[in-house]
Each structure stands twice: as structure tokens, then as C-alpha cells.
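To start, the structure under review is shown below, and the notes come after it.
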């Protein structure tokens, strides 16, 4: 038996323990092609086996890798076997590695060349294995095995490496990278298994942007109305991770655009538009639209999917209208009863409007405390009353169209309308 010293101090990566060491070895096996991850409770041993070509003693050189040069894992996880073994042995978990006809037993020893404890591997021939690599980790408790099963998704028989959003309750708030646990997020609608994420050597997320962008891409790629609806419903909830997701319009497959539009309507209504300038809100709401403030990370995306306040203003510019003066309510007895019965909420004028856009309609609007009714309504008193009540809800209660609150108040005001008609 010979011993190979590795120029890695025994106290390197001091925060690493059982989980980190096991994680690195499992990652190596996944990269090589996993064959088996199993636990024997009788001898408290975890066995990790892959189908790769194995490795030679050259693998103990720092910087050595057998991975292809275009492999994304190069430079991030190439030291997994060495550093994983160090963390495990240092934490009291003996490790036995078998590959290409040799057995390697990592230890911590006093260096012959440096005045320091270092990682070393005892090497001896072993003819039991020619292909692949097998790693046995000893002294593993049942609780630690349960931790591994929870944090390594490949151990779940229903694991799908292409499914990035994990909607099951047991995964809520948990972030995985290529099937391996990274961290837990307390305020998250779902769990995630990302295939593209920037992480560091400790397998933690380097920056918030990387996480927000990964979340955005995952959500953008789903074809589930339920997930999209839940995401949009929580857009304005700053307490959840998903509200800060970064999504671009090009992230959403064309065949899924209708799902996003439908989900938007379900949450905010058919006349909801994206706010780009809060100074436009009042004017846009006068024309019956609901203005929605969207987080910056997906604001541009929603502007392309649905209308924005600027779009509405551009359409309003196509309207040509003129004030035709106050309505002579004496000519409309029922209208007069309603108007007086509701407490004269505002002065009421006629207006004439020319719509260059043939698809647009405007029978009533409110501006600076005055309610305007289209002159065409003068031929139909009931339509006049309906338009008046609609605008009164806007003026007195400040509610935009197409919301449950607006519809509720509108119904209550109609009860007052009926009372006003009957009482006079």
C-alpha cells in the first residue's frame, strides 16, 4: 500500500461536513452516469456507484478533470471527489473508493513536506472493479440517509430532470440545481430544480439576479394555466420570491401566449392595463380601465402581452369630443329623480364624441368632477340612468371598472336608484 499526499490542508473548506461531502461525491457520480445510490442500515453504509470510465491516480492533481471541455460543470465541480472526501473523513465518516482496479482510502495525515495536516489517499490494488467508480461512506445514520433522500431528487422515482417547477408541498421553498439541493427560500410559491443557475464552489447562489432570472425562465416555460394564474395572482405580493422574477417576452413560447393572456384576464379583468407612468392613471381609469402596477422584472414582458396605459392614451388621442353643456334634467323626470335621490354627486353635461377607432366605445366619462353623457343617450332615458350610475361609482368611490369591488358597489347603488324612483 502506498500513500499519496494531496496539497490540500485538512482544515480547507471548514464549513463543509457530511452533507457537503456526500453532495460532491454524488454530483461526480451523476456527471459520470449514476448507477446506484443505496443505503445499508445494518452496516450504516452509503454506497454511490457510477457507470463512468473510472479514474487514475492522476485525478488527485488539483485542476485535473476527465470531463469534456464544453461541459458546464468544469471549473465548478472538478474537485468534488477530493474535497468531498476531505469533508467526510474530517467529520468522522470513513470513505472507501474503488476505481480502475484500485482502492483509495482518504485520510488526514501529517505531511512529510509541510508542517501541516493534509488530505492523503492510501492506495492498493483491487481487481474487483474495472469500470466505473464506487464510493462507500461509513457511519451514516438513518437520519442522515433520510436527509440525502430529501435533497437528491434522482432518488425520487418520479423525478423528471426537465421539470423545473416543483409544485408538490414537500418541495415548497426548496431550490435544487440539476437535482441536488442548494438552499431553502422561506417565501416561495413552489420549489425549483434549475438546470441553468450560477452557483459558487459551496453550491450556493452567487447573486439575487441569477436566482430571479432562473425563476423567471422556469415560470415562462410552463404550459400550465394554473401555475401562470397563481404567479400573476401574486405579482403584487412582495413577500414571495416569484414577485421579483425576471421574465422577458422572448422567454414565453408563442404557443403559450394565450394562456398568459387568459390568466391576466382572470386575475385583473378584461380591461386591465400595465402601468408605465402613474401620471396617466387617472385619465386611463376615466375610460374604464384598471391600471395594474407590475414589478420591474416582468414589466416589459407584460407590456408586450397586454395593453399598457400608454397604449390606452394613444387610443384616447383618436377620440375627438366636445362639451355640449349641462343636461336639462327637467326633460327627463326619472333621470331627475335618480340624480336628486343619489345626492347630486356631480354636475352632468352632454358631450359629443367622434371615434376614429371603430372598435372603441365611449358613452360616458368623468373629468374633473363632471360627468359627461353621450348626446346619443338623450333618446333613451334608461341608458342615461345606467351611464349616470356607472360614472357615479367612479366619482364617489374612486373604483375602476371590471373589479369585484366595482360590481358590488354598482349593485348597491342600483338599490338606491330604485328607492329614489319609488320615493318620488
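Each value in this text was obtained by applying a stated rule to the coordinates, not by laboratory testing. Worth saying up front: this structure is predicted, and the values here are computed from it rather than measured. Cβ: placed from backbone, ideal geometry, glycine included. Neighbour counts: every protein chain shown.
Points to keep in mind about this one:
- For segment 153-317: rounded, prolate or oblate by the Cα gyration tensor [a/c cutoff 1.5]: prolate
- Once the Cα gyration tensor of segment 276-424 is diagonalised, semi-axes √(5λ) in Å: 30, 19, 11
- Cα-based shape type of segment 1-67, given that a ≥ b ≥ c are square roots of the gyration tensor eigenvalues and the cut on a/c is 1.5: oblate
- Against the set [x] 27, 56, 17, 0; [y] 24, 53, 23, 0; [z] 21, 34, 21, 15, 8, 0, the structure's computed P(r) over Cα pairs in 20 Å bins from 0, in percent falls on [z].
- From most to least packed by mean Cβ count within 10 Å, the peptides 150-156, 182-188 give 150-156, 182-188.
- Computed from Cα atoms, the angle from the helix 142-151 axis to the main principal axis of the chain rounds to 50 degrees.
- Estimated [θ] at 222 nm from DSSP helical runs (n ≥ 4, -39500 (n - 2.57)) normalised by residues in the chain, nearest 500: -10000 deg cm²/dmol
- For segment 2-151, the square roots a ≥ b ≥ c of the C-alpha gyration tensor eigenvalues yield an a/c under 1.5, which makes the shape rounded.
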